[in-house]
Structure formats: C-alpha cells, structure tokens
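**Q** Just dropping this structure here.
The values are calculated or read from the model by the stated rules, or taken from the named source; none is laboratory data. No experiment lies behind these values; they were computed from the predicted model shown. Here the Cβ is made from the backbone with ideal geometry for all residues, glycine too, and neighbour counts use every protein chain on show. Just so you know, the surface numbers come from the protein's heavy atoms only, side chains and all, with ligands and any DNA or RNA stripped out. Shrake-Rupley method; radii C 1.70, N 1.55, O 1.52, S 1.80 Å.
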Amino acid sequence: MAPKIFIDGEHGTTGLQIRTRMAGRRDVELLSIPEAERRNAAMRQDMLNGADIAILCLPDDASKEAVQMVSANNNVRVIDTSTAFRVNPGWAYGFAEMDKQQADKIAAARFVANPGCYPTGAIGLIRPLRAAGILPDGYPVTVNAVSGYTGGGKQMIAQMENPDHPDTITAPHFLYGLPLTHKHVPEMTVHGLLDRAPIFSPSVGKFAQGMIVQVPLHLDDLAEGTTMESIHAALVAHYAGQDIVSVVPLAESKTLPRVNAVELEGKDTMKLFVFGTAGASQVNLVALLDNLGKGASGAAVQNMDLMLAS
Ligand SMILES: NC(=O)C1=CN([C@@H]2O[C@H](COP(=O)(O)OP(=O)(O)OC[C@H]3O[C@@H](n4cnc5c(N)ncnc54)[C@H](OP(=O)(O)O)[C@@H]3O)[C@@H](O)[C@H]2O)C=CC1
Ligand SMILES: CC(=O)N[C@@H](CCC(=O)OP(=O)(O)O)C(=O)O
C-alpha cells in the first residue's frame with residue numbers, strides 16, 4: 001500500500017507548491033481536505049492521524065497545534081515547514097546537505113523541521129567554513145538577502161499583486177526586519193555553528209520566486225592563510241558527492257557581471273558563489289535559490305523522499 005501523505009495547509013503558498021511537485025506520483029497517496037474546510041480542526045485531526053507522513057505548511061501556532069494532535073500517535077511522522085521547531089533538539093533539521101550525516105538523520109527521524117528559506121542560503125555558506133575552522137569564534141557575521149515576495153505567503157502575495165489591497169505595497173524593493181530580530185536568526189546561529197548571532201538584513205523584491213543571500217567576509221580576520229581559493233575549495237569539498245547544492249567554479253564566477261535573483265525559479269537546487277579579486281582581502285559569499293524550491297517546498301519533498309526510503 002502506498003504511504004499516505006497529508007499536507008496540512010495544502011491550499012497555502014508552500015502547500016500548493018508541494019502538491020504541484022507530487023502531482024502524478026503513484027508511489028504515495030495524498031490525503032486532502034477541501035479548501036473550504038482547511039481550518040476545520042476535527043477534519044484536520046482525522047487526516048493528520050491517518051497519515052504516514054504529515055507535512056505542515058502552517059503558521060507557527062497552527063503547526064504546534066497540529067503536532068499536539070499527533071503527539072500520541074507514533075505511526076505519524078511529521079515534516080514541519082514553519083519556524084516552530086527548527087532549533088528544537090528533538091527534531092532533525094531538514095537540510096540534508098549541511099553535513100555528511102544529515103540525510104541519514106532525516107531519513108530516520110519522526111520529526112523533521114524544514115529549514116527557513118534565508119537560513120538555507122546562510123547556513124549553506126557559513127557552516128562549511130565553521131566546520132573547516134576557517135571562520136573563527138567571535139567573527140561578526142552579517143547576512144544580507146533579498147527574497148521573492150511569495151516568501152511572505154498569501155498575505156504578502158496579495159499586498160504585492162493587488163493594487164486595491166488595503167495594505168498594498170508599491171515599493172519595487174524594500175528592506176524589512178529593521179529591528180534586527182528576525183525569527184530566522186536563532187536558526188542561522190545554531191545550524192550555522194556560530195557562537196555569535198549574525199546581523200541579518202532581509203529584503204523583498206517585486207518578483208514572485210527567487211532569493212539571493214550574501215555573507216561578505218574580511219579574509220584578514222579569518223584563519224591564517226585563508227584565501228578566496230581556499231574558501232572555495234572548502235565549499236567544494238563540503239558539497240562533494242551530491243547534486244542539489246553546487247559550488248560555481250571560480251573561473252566562472254569571475255566572468256559574471258551580475259547575479260539574477262530569479263535564475264533558479266521553479267528549481268529545487270541551490271548555487272553557491274565566492275566573489276572577489278584574487279589576492280585582495282575581501283570576499284562575498286553568495287547563495288542563489290528559489291525561496292519556494294530548496295527554500296521550502298522542494299526541500300520538504302526531498303525530506304519526505306528521504307523518510308520514505310528509510
Ligand atoms: N512562503 C515561503 O517562501 C516559505 C514559507 N515557509 C513557512 O511555511 C509555512 C506556510 O507558509 P506559506 O505557505 O507561505 O503561508 P500561506 O499564508 O500562503 O499559507 C498558509 C496556509 O495555512 C492555512 N492556515 C492558517 N492558519 C491555520 C489554522 N489555524 N488551521 C489550519 N490552516 C491554517 C492558511 O489558511 P487561510 O487561507 O485561511 O489563512 C493557508 O492556507 C509558514 O510557517 C512559513 O513561515 C517556510 C519557508 C519559505
Ligand atoms: C519575504 C518574507 O516575508 N519572508 C518570510 C520568511 C519566509 C520563510 O522562510 O518562512 P519561515 O519563516 O517559515 O522560514 C519572513 O521574513 O518572515
């Protein structure tokens with residue numbers, strides 16, 4: 001019998017994209033709630049408890065409530081796409097490429113916390129350098145990023161696309177998270193293996209899907225002898241042997257006049273770049289992804305497949 005999958009929040013932005021990715025699959029059976037009943041707690045409870053894997057695509061509070069609904073039922077495994085459990089030690093963090101053991105941890109877990117979109121880029125750049133001893137304790141890391149507006153879910157999509165929305169947003173590009181307390185900072189710190197919280201400055205552009213995450217670094221403040229080439233080599237070594245996160249060759253990055261935020265729209269991969277000038281004292285590390293691909297729905301389906309294979 002095919003394993004049963006229930007996407008709680010299937011009519012929202014992340015849930016819909018997971019459904020699209022699962023369309024046509026015969027190896028799983030999708031349990032579904034009509035859109036009009038999406039907040040019907042009794043129906044959700046039934047569906048959640050009838051699933052082999054429940055994928056939660058809900059706001060944090062609703063995710064916590066859903067986990068409560070299945071907590072006594074060991075037959076149900078959970079992938080949560082919200083921020084609620086990402087630094088909870090009882091949950092496996094769903095970034096399979098972040099180190100060599102992570103895919104196995106996800107495969108064996110009952111509870112998997114899907115990473116945030118910005119943290120996927122930031123951790124993807126930072127963690128290998130911490131693990132290799134290149135980025136020292138105390139380094140003042142900054143993370144600057146731009147996301148497509150679907151990152152803000154149904155509400156922001158309406159604000160960006162509907163000029164008659166009462167809180168319509170007309171800016172083509174805006175900064176937010178200005179108090180520097182964004183909910184992704186704890187996750188970047190813990191899974192980035194940082195001893196000091198990064199300064200995180202997110203922004204949104206007038207495009208639906210896509211994301212650039214930047215981590216600029218001063219080479220003089222890294223481990224002695226670190227160069228642009230040695231940082232690149234550490235990233236290449238870290239991501240060897242898999243095909244989702246790729247490190248763009250230095251020879252190719254050198255020729256690029258710009259990075260296009262929407263280049264990976266609709267894809268579930270992530271590209272990492274090391275920019276700078278050979279022999280100079282600064283580098284800019286850049287991650288390029290789709291906020292709804294490797295940043296959310298694509299990663300959730302990847303994690304589901306790892307769990308189903310175990
Ligand atoms: N969008 C993105 O790029 C990313 C999103 N995420 C996370 O994924 C989760 C879902 O986000 P997203 O898809 O963007 O959000 P959306 O607002 O687009 O969708 C959320 C869905 O959940 C439903 N919902 C809300 N509250 C409840 C409830 N109490 N019971 C049942 N259903 C409920 C909503 O219904 P209704 O229409 O009635 O509000 C809606 O269908 C969030 O935790 C978000 O932080 C993570 C990574 C990236
Ligand atoms: C553009 C935008 O608003 N983005 C969202 C993050 C999207 C995401 O990654 O969701 P999680 O918080 O569940 O990780 C934000 O900054 O809150």
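**Q** Hey, can you tell me all the residues within the range 182-202 that are out of contact with any strand residue (DSSP E or B) (no Cβ under 7 Å at 6 or more places or on another chain) and assigned to a loop (DSSP other than H, G, I, E, B)?
**A** Selection gives Lys183, Gly192, Leu193, Leu194, Asp195, Arg196, Ala197.
**Q** Show the residue pairs that are 6+ apart or on different chains and have beta-carbon atoms under 8 Å apart, the first residue being within the range 108-129 and within 12 Å of ligand 1 (Cβ to nearest atom), the second being part of a loop (DSSP other than H, G, I, E, B) and of a type in the set (A, V, I, L, M).
**A** Short answer, once both residue conditions are applied: Ala113/Ala84; Cys117/Leu292.
**Q** Now for a different question. Taking the range 160-181, which residues are open to solvent by 30 Å² or more (accessible area, probe 1.4 Å) and either assigned to a helix (DSSP H, G or I) or within 9 Å of ligand 2 (Cβ to nearest atom) (or both)?
**A** Glu161, Tyr176
**Q** Let me ask another. Of Asn49, Asn73, which residue is more than 9 Å from ligand 1 (Cβ to nearest atom), polar (S, T, N, Q) and in a loop (DSSP other than H, G, I, E, B)?
**A** So the residue among Asn49, Asn73 that is more than 9 Å from ligand 1 (Cβ to nearest atom), polar (S, T, N, Q) and in a loop (DSSP other than H, G, I, E, B) is Asn73.
**Q** Restricting to the range 1-32, name every residue that is within 13 Å of ligand 1 (Cβ to nearest atom) and either farther than 13 Å from Leu56 by Cα or assigned to a helix (DSSP H, G or I) (or both).
**A** Selection gives Thr13, Thr14, Gly15, Leu16, Gln17, Ile18, Arg19, Thr20.
**Q** Please enumerate the residues belonging to the range 201-226 that are surrounded by 15 or more Cβ atoms within 10 Å (Cβ to Cβ), closer than 13 Å to Thr142 by Cβ and either more than 15 Å from ligand 1 (Cβ to nearest atom) or at pLDDT below 95 (or both).
**A** Of everything in the range 201-226, those that are surrounded by 15 or more Cβ atoms within 10 Å (Cβ to Cβ), closer than 13 Å to Thr142 by Cβ and either more than 15 Å from ligand 1 (Cβ to nearest atom) or at pLDDT below 95 (or both) turn out to be Ser201, Gln214, Val215, Pro216, Leu217.
**Q** Let me ask another. Since Val143 meets every condition but one in (1) farther than 26 Å from Ala54 by Cα; (2) part of a loop (DSSP other than H, G, I, E, B); (3) not acidic (Asp, Glu), which condition does it not meet?
**A** With (1) farther than 26 Å from Ala54 by Cα; (2) part of a loop (DSSP other than H, G, I, E, B); (3) not acidic (Asp, Glu) applied to Val143, the lone miss is (2).
**Q** Hey, any hits in the range 78-87 for a residue that's assigned by TED's automatic domain parsing to the domain that holds Gly12, open to solvent by 50 Å² or more (accessible area, probe 1.4 Å) and in a loop (DSSP other than H, G, I, E, B)?
**A** For the range 78-87, residues assigned by TED's automatic domain parsing to the domain that holds Gly12, open to solvent by 50 Å² or more (accessible area, probe 1.4 Å) and in a loop (DSSP other than H, G, I, E, B): present.
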